[in-house]
1. Quick one: 3J(HN,Hα) in Hz for segment A:176-181, Karplus 6.51/-1.76/1.60 with θ = phi - 60°, rounded, Gly and Pro as x.
2. Any idea how far apart A:Glu16 and A:Glu41 come out in nm if each label point goes 7 Å out from Cα toward Cβ?
3. At 7 Å along Cα-to-Cβ for each site, give me the label-to-label distance between A:Thr106 and A:Ala164 in nm.
4. Between A:Ser218 and A:Asn48, take the C-beta separation as r, use R0 = 56 Å, and let me know the FRET efficiency to the nearest 0.05.
5. Sort out for me the Cα centre separation of segment A:275-290 from segment A:106-163, rounded to whole Å.
6. Could you work out [θ]222 nm for chain A from helices alone, using -39500 (n - 2.57) per DSSP H run of at least four and dividing by all its residues? Round to the nearest 500 deg cm²/dmol.
7. Assuming 0.36 nm per residue, please report the length gained on full extension of the stretch A:Thr189 to A:Ile241 beyond their Cα-Cα distance.
8. Just list whichever of A:Lys314/A:Lys347; A:Lys170/A:Lys216; A:Lys92/A:Lys248; A:Lys170/A:Lys285; A:Lys255/A:Lys371; A:Lys285/A:Lys411 have alpha carbons separated by over 29 Å in the model shown.
Amino acid sequence: MLELSFLRENVELVVERLTIKRMDARETIKKILDADLNRRETQAQLDNNLAESNQIAREVGNLFKEGKQDQANELKARSAELKIISRELNEKLEALQKEQNDLLVTLPNIPRADTPEGYLAEHNLTIYSEGEMPALPENPLPHWELTSKYDIIDFELGVKLTGAGFPVYKGQGARLQRALINFFVNEATEAGYLEIQPPLMVNEASAYATGQLPDKDSQMYYVGLDGFYLIPTAEVPVTNIYRDLMLKETDFPIKNVAYSQCFRREAGSYGKDVRGLNRLHQFDKVEIVQIQHPDNSYAALEDMRAHVTSLVRKLELPFRVLRLCGGDMSFTSALTYDFEVFSAAQKRWLEVSSVSNFESFQANRMKLRFKDSNGKTRLAHTLNGSALALPRIVAALLENNQTPEGIRIPKALVPYTGFEWIK
RNA sequence: GGAGAGGUGGCCGAGUUGGUCGAUGGCGCACGCCUGGAAAGUGUGUAUACCCCAAAAGGGUAUCAUGGGUUCGAAUCCCAUCCUCUCCGCCA
């Protein structure tokens with residue numbers, strides 16, 4: 001969430017920037033600042049009351065020691081009064097804090113000033129593209145037909161075991177999954193990321209800190225008996241490693257990579273977009289996370305973008321990089337690049353990575369701070385990106401590389417798959 | 001899952017017949033003295049959040065796992081929750 005102190009001093013800036021995310025925040029901000037003013041006043045009153053109570057308690061103690069029971073009892077009466085007042089003030093304070101906080105968490109992160117305007121996918125700015133459109137054989141098959149033709153991914157079987165969106169990978173399909181995971185994790189490790197294997201379930205505090213709660217709880221699977229959430233991305237547990245930490249400036253940069261299965265309910269999704277591997281409830285993803293000094297976070301973002309670029313390039317997939325427009329950016333992001341690969345048989349661009357700088361938005365919520373060189377406490381910046389999400393990569397690989405002889409595996413992957421062709 | 005013990009500041013560790021305890025002490029860390037330099041020794045300092053103050057200085061409040069309760073007053077008493085350890089059971 002946004003920092004209150006920043007909001008106080010930059011109302012116009014915040015209002016203006018949030019219009020890029022198509023939000024009129026003026027009313028909300030006014031309410032927040034009103035509550036804030038009220039809160040501070042209440043806090044001061046409460047503190048004064050408690051100070052007097054503490055003073056009385058000390059005096060009562062001394063009077064008892066001196067054996068002056070009568071005087072002590074007089075003071076007790078005053079103390080009782082103060083207690084009632086303090087209780088009321090405290091209730092008021094908590095209500096104001098809640099009001100303020102509830103409003104504050106509804107404000108999205110402010111996007112960078114140069115964020116493209118717009119709210120539709122076509123308003124996103126294509127800032128880079130690379131690779132040639134593959135020459136497909138006659139009557140190319142979409143991946144959901146290729147998977148059954150070669151018996152490598154079984155969607156029907158997944159329905160039997162669990163439900164739609166939980167495919168079963170078999171034989172060369174399973175091996176391809178494992179190969180991609182190892183390839184991605186190795187590439188990241190070589191780029192200086194520390195490998196992490198996180199829990200696949202997190203508690204409420206973790207889900208809140210990275211912003212899945214309170215507004216996106218319907219997108220997560222919930223294990224009610226224990227109060228856990230299945231992670232929608234490794235970003236959640238990995239970023240939460242740093243929750244409530246006070247870092248030293250010398251701890252930067254922190255670079256982590258994690259492979260995890262991801263679980264998403266995808267409530268409200270249907271139709272063509274969800275066909276085959278395009279949208280699943282359970283899928284594999286390798287995620288990179290960086291915790292950075294604020295001065296370096298945008299350099300880190302470019303670094304991550306370069307890393308993802310090298311991955312798609314090595315997989316020989318035609319891809320493009322989009323700078324997301326305000327309306328298409330996530331709630332928590334200040335700047336997001338999306339990577340899309342072209343899946344030739346579907347003739348569609350598929351999003352395979354989203355690389356974002358959250359600046360201090362997540363850090364504020366999770367109290368991730370550091371001491372700067374002046375000894376001042378400041379919020380760190382958090383960033384993350386997919387590197388990469390598997391299913392759509394697999395979809396594009398299968399469709400683009402199909403030949404009458406089978407499906408060709410890109411060179412970079414062969415050491416990991418152990419085969420050059422899916423047949 | 002059953003029985004027992006326990007959760008104190010960056011770490012270790014006092015304090016649990018309630019009373020200036022945000023908390024003795026040690027380690028670590030920072031700065032200074034000592035030294036040619038270092039070690040040892042020695043001195044000072046060393047939590048976080050919020051509020052008051054234009055700011056600094058200074059002051060107030062809260063925090064001894066978390067949340068509630070008793071009391072004029074709680075790290076210390078009571079209740080609930082979470083977590084850790086030991087033993088037993090179960091188990092990849």
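1. 4, 4, 4, 5, 5, 4
2. Here the modelled spin labels are 3.1 nm apart.
3. Those two pseudo-labels are separated by 3.3 nm.
4. On the way: r = 44 Å, r/R0 = 0.79.
The formula returns an efficiency of 0.80 here.
5. Each part's Cα centre sits 11 Å from the other's.
6. Values: 13 runs with 177 residues, N = 423.
Calculated at 222 nm, the ellipticity per residue is -13500 deg cm²/dmol.
7. Working: separation 52, 0.36 × 52 = 18.72 nm, distance 1.83 nm.
Difference between extended and current length: 16.9 nm.
8. Working: A:Lys314/A:Lys347 21 Å; A:Lys170/A:Lys216 33 Å; A:Lys92/A:Lys248 37 Å; A:Lys170/A:Lys285 18 Å; A:Lys255/A:Lys371 19 Å; A:Lys285/A:Lys411 21 Å.
Check vs 29 Å cut-off fails for A:Lys170/A:Lys216; A:Lys92/A:Lys248.
Just so you know, all these numbers are worked out from the coordinates, no wet-lab data involved. These numbers were taken from a predicted model, which means no experiment stands behind them. Every residue, glycine as well, gets a Cβ built from its backbone with ideal geometry; the counts of neighbours run over all protein chains shown.
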